[in-house]
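Taken together, the values in this text are just the output of simple stated rules run on the coordinates, not laboratory data. What you are looking at is a predicted structure, and each value in this text was computed from that prediction instead of being measured. Cβ placement follows ideal geometry from the backbone for every residue including glycine, while neighbour counts extend to all protein chains displayed.
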Amino acid sequence: MMWLIISVIILIILLTISLVLLHKFVRYTMMFEDNINDSIEKLEMCYNNISVLLNRPLLIDTPEVKYIMQELRKSQEVITETAKKLSGS
């Protein structure tokens, strides 16, 4: 009878420890998900800003300006890829 009481007490202690660890894991997961959502929102704002810049006509047709436009297009593609990876779609 005594060993039954001891085993129940041990199981209750283990259950308590596992519940505490599960709670910490869930909080960490929710915080991580919130951070990802914030990052995606920021990426969307950057993407929209770059889209506005790319839709404007070029006033100066120098190689430097063309290079900057190419880099902006590459940046736009990277933002899209990153957002897709983070969102899982």
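Assorted remarks:
- Most fluctuating residue given options Glu64, Glu77, Glu41, as computed from a GNM of the chain linking Cα atoms under 10 Å: Glu64
- Dipole axis of the chain (+1 Lys, Arg; -1 Asp, Glu on Cβ), positive-most option in Ser51, Ile40, Thr16: Thr16
- Note on the chain: with a GNM built from Cα contacts shorter than 10 Å, the maximum mean-square fluctuation among Ser75, Ser39, Ser18 falls on Ser18.
- At an R0 of 30 angstrom, the distance between the Cβ atoms of Lys24 and Leu86 translates into a FRET efficiency of 0.80.
- Expressed as a fraction of 2.2 N^0.38 Å, the value expected for a compact globular protein of N residues, the C-alpha radius of gyration of the chain is 2.16.
- Stretch gain in nm, segment Leu11-Asn48, where the contour uses 0.36 nm per residue and the Cα spacing is subtracted: 7.8 nm
- Each Lys and Arg contributes +1 and each Asp and Glu -1, all at the Cβ; summed about the Cα centre of the chain, the dipole is approximately 200 debye.
- The chain: Lys pairs at Cα distance under 18 angstrom, eight or more positions apart or on different chains: 6
- Helix axis angle, 63-87 relative to the chain longest principal axis, alpha carbon, degrees: 20
- Angle between the chain longest axis and helix 2-55 axis [Cα atoms, degrees, rounded to 10]: 10
- Tensor-based shape of segment 6-49 (alpha-carbon gyration tensor, a/c under 1.5 rounded, otherwise prolate or oblate): prolate
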